[in-house]
1. Rank the residues 159, 83 as a footprinting-exposure proxy: fewest other Cβ atoms within 10 Å of their Cβ go first.
2. Roughly how tilted is helix 90-100, in degrees to the nearest 10 and between 0 and 90, from the longest Cα axis of the chain?
3. At a 10 Å Cβ-Cβ cut-off, how would you order 191, 210, fewest neighbours first?
4. Which order results if 37, 9 are arranged by neighbouring Cβ count within 10 Å, fewest first?
5. What are the trypsin sites (Lys or Arg not before Pro) within region 72-119 that DSSP puts in a loop, where the Cβ has at most 14 other Cβ atoms within 10 Å?
6. Based on the Cβ-Cβ distance of residue 194 and residue 243, what FRET efficiency does E = 1/(1 + (r/R0)^6) give at R0 = 30 Å, to the nearest 0.05?
7. Picking from 186, 163, 48, which is most flexible by a Gaussian network model of the chain using Cα springs under 10 Å?
8. Please list, in order along region 169-174, the HN-Hα scalar couplings obtained from phi with the Karplus expression 6.51 cos²θ - 1.76 cosθ + 1.60 (θ = phi - 60°), rounded to whole Hz, x for Gly and Pro.
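Taken together, the values in this text are just the output of simple stated rules run on the coordinates, not laboratory data. Small disclaimer: the values here were computed from a predicted structure and weren't measured. Note that each Cβ is placed from the backbone with ideal geometry, even for glycine, and that neighbours are counted across all protein chains shown.
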Amino acid sequence: MGAVLDLHCHTVLGSPDSELTPHQLAETAAVQGLTACCVTEHDKMWERHVAESWSSQLDVPFLRGMEVTTNMGHVLVYGLDRYMSGIHDARTLRRTVLAWGGLMILAHPFRKLFHQVRYGQNGPKPVIPTVEEAAEAEIFSLVDEIEVLNGGTAELENYFALRVARHLGFHGVAGSDAHSTHGLGRYVTVFRRDITSVQALVEEVKEGRFFPAAVQDLAEPTLVPYSPGSQDPEMEARVEAARAAYA
């Protein structure tokens, strides 16, 4: 086994809703066996010199990413150097990332899908699509991977993301979406090779040399691959029950 990365983390240096400091990120990463610290601030990237400084101070690689808010959802981006004008549009973001040789990962694609708000008799009626219907969304044709385990997303919605990912031929990645030490490293992406740079991360994801995993015990980390080869009957029943409830 090579690198173990939590691909989705927010810190106080770039995300106003975060309480996680670089020191806490590095310390927790060391305890939980993470091999590098990935930082994906909201619509902002750390300056290169900032990442290099923290990497030097704490003796662990800090990999610069960003969670971009687009018109088609939130997208984790690795490989850009900064936030750029127009990338709130997912198609523009795709063109930009391709030009930079970067990577796009759709974050928590179905968050709140099974917990939609009802707006009364005359308001919009919540709809839960089938896997096939959900997979038709344009955003899936623009990204390189899909986050199928997200620490801020309900179990059923993560499962549905995995089903869609499998339907489309994606491997699926995992990240905690941590804004504090709580839950940090709970979901990780495991790579076959060591990764100490963004360039290596981009290459390994595009080559598909990884798998998503859950950490069973944060005190004594045990990796449990999240890659069932078939549908889970219990989870499928829960999906159908939720769909029926909104029908």
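1. Placing the least packed residue first, the sequence is 83, 159.
2. 30
3. Listing 191, 210 from fewest to most nearby Cβ atoms yields 191, 210.
4. Numbers: 37 24, 9 29.
Least to most surrounded, the residues fall as 37, 9.
5. Values: sites: 82, 91, 94, 95, 111, 112, 118; in loops: 82, 111, 112, 118.
Answer by residue number: 82, 112, 118.
6. Values: r = 43 Å, r/R0 = 1.43.
Plugging the Cβ-Cβ distance into 1/(1 + (r/R0)^6) gives 0.10.
7. It is 48.
8. x, 7, 6, x, 10, 9
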